[in-house]
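None of the figures in this text is laboratory data; all of them are computed from the coordinates on show. As the structure is a prediction and not an experimental result, all values here were calculated from the model. Because the Cβ atoms are built from the backbone with ideal geometry, glycine has one as well, and the counts that use them run over all protein chains shown.
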Amino acid sequence: MMSPAGRLPLRFSTQTLLLQLGVVLLVVLLSGAVHAWLTFERLGREAENQALTLARTVASDPSVRANVQAISRQAGTPPPAELKTGPLMAVAEGARTRTGALFVVITDETGLRLAHPDADRLGERVSTDPSEALAGREVTTRNTGTLGPSAGAKVPVFAPGTGSGSDSGLGSRTVVGEVSVGYSTESIGQSLARDIVPIVLTAAGSLVAGILASFLLRRRLQRLTLGLEPEEIGALVHDQVAVLEGVDEGVVGISADGRISVFNAAAQRLLGQPDLAGQLWQDAPVPARLKALTLPDAREGEAAELVAGEQVLVASARKALHRREDLGWVVMLRDRTELQHLTRQLDAVGTMSTALRAQRHEFANQLHTIAGFMSIGQHQQAREYLERLAATGPLKFPVDQAELLQDPYLQAFIGAKGVEADERGVSLRIGPETLVRGQVSEPQDVTTVLGNLIDNAVNAAVAGTAAERWVELELLDEPGADGGTLHVVVADSGNGLPDGGDPEAVFAEGFTTAAGGVLQGQVRPAGGQGLGLALARQLARRRGGDVTVLEPGNVGGPGAVFMATLPGTTTARKD
């Protein structure tokens, strides 16, 4: 935006620099002035003390006291010519010459000059008030007299034998005159001029240091604000709050130094953590697969699925750059839990559809057979054929001992899984200890847990080295006041878990034997690989149950045995 005069306004960093320079200059000038004033006062006090010492010395001189007393006893004041050649003039001028004082003046008890550097002023009254000294008190003064401005002292002259020196205890204190000594303030100014050079050099050095510090601060301010103006920073803050708090996706920002700079409300909800802003990213209590997205060798922008709490998340990470400056990482989190549940249900429906298509030809053949019996008049054979169909059911799934399942949902779902397994050369069978007396009341969770266990077992059987490939299920329900508990045991003919591996490792995100190995803790594309067992355990534990490894299995078979406990997933059957 242009200023009213048509010129661009100064940048904030430039305004700050000018303000700092002004403050530095003002501080230096004030400091120099105060230092000069204090030096002037110090020199003035030194001049006063020096004048006081000299005045005391002259006033205590016995010849001065005697001569001043003698003149004071006379009826009048001696003429100036006599005073000019008198002893008082000699003493005063000698002291002034030796010490470099501006003046040494001696007066009588009325303030008339008995000694003065200017002989023409002898016998005249002093230009400054002598009353304090004539009253017997020593004073220091700064005033302007006939010889110019000065800093001096006035000391009373006592009569011999009274009031001062070693004989101060003799008689009364009789003041017969005063001694006034002064040093020119011009000499003080000259002394100050000599001292002012260090003051000026110090002030100049301080000013240069302040200017340099201001420039460095300006550069740092520009670097920290990325060259943005305060108005732009304010707008960015408003936009950031609006975006971060207005989206359902979790956003985690990691600065270039490895600390969490942004952790919005959606990220807190999805990861089940409080605001972690300020913590080190590597020490943050988040899943390891999420941290792995920001490793140097991670592929930028690639999505990965992970389980956090009770949710399935899709995460991706990208580098944040401003011009050429590396600002760190931005991690995006999206909730895929509901989509995963719907996907599992859709898989079950698709499996059932596949099974129905596989059995369609059997329906047609059975109908043609019945029609053939009827057309040739073999009614008894047709009746017997129908009785056999009624006994075995219209569909025959490739699941051994499927008649042990009483729940129609379990029959359909496991039967459909049996069709899939049969297509891959794996026999799916129901164990002899199976007994489910109730009916499934939570088909979504049962589908997810049971489907994952069967899929993993089929994959293990396919990858195994056993001659016969099979998967065996045993299901048992246990009645309860808050719903029955379904117990599921799944075994397979695979090669079992990796030799010497931790059985708990199979529940970690990223564990898979799909390629004949274990990829644990690695970032994998979002496709569900390595999430089945982790998700199944999360769902089971959410209901108060669990998924555990009963047997790790052996190479060559039998393989691993898993058990799932799902409380509150069955209800009593209504007859």
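Do you know the relative contact order of the stretch 14-190, to the nearest whole percent, from alpha carbon pairs under 8 angstrom that are 6+ apart?
Computed value for the stretch 14-190: 26 percent relative contact order.
FRET efficiency for Arg299 and Leu216, Cβ-Cβ distance as r, R0 = 45 Å, nearest 0.05?
0.65
Take the alpha carbon atoms of the stretch 248-335, find their radius of gyration, then divide it by 2.2 N^0.38 Å using N residues; give the quotient.
Against the compact-globule rule of thumb, the ratio is 1.00.
Work out, step by step, the length gained on full extension between Thr53 and Thr548: first 0.36 nm times the residue separation, then minus their alpha carbon distance; give nm to one decimal.
Gain on extension, Thr53 to Thr548, equals 167.8 nm.
Mind sorting Asp422, Asp326, Asp108 by how few other Cβ atoms lie within 10 Å of their own Cβ, fewest first?
Least crowded to most crowded, the residues run Asp326, Asp422, Asp108.
If each residue's Cβ is checked for other Cβ atoms within 10 Å, how do Ile233, Ile454 rank with the fewest at the top?
The fewest-first ordering by Cβ neighbours comes to Ile233, Ile454.
Tabulate in residue order the Karplus-calculated ³J(HN,Hα) for the stretch 460-474, using 6.51 cos²θ - 1.76 cosθ + 1.60 with θ = phi - 60°, rounded to whole Hz; enter x for Gly and Pro.
With the stated coefficients, the stretch 460-474 comes to 5, 5, 5, 7, x, 9, 5, 5, 9, 9, 8, 9, 10, 10, 9 Hz.
For the stretch 1-152, just say rounded, prolate or oblate: build the C-alpha gyration tensor, square-root its eigenvalues into a ≥ b ≥ c, call rounded for a/c under 1.5, and beyond that prolate if a/b exceeds b/c, oblate if not.
prolate
For Leu404, Leu21, Leu29, Leu88, which order do you get if you count the other beta carbons within 10 Å of each Cβ and list the fewest first?
Fewest-to-most Cβ neighbours within 10 Å comes out as Leu29, Leu21, Leu404, Leu88.
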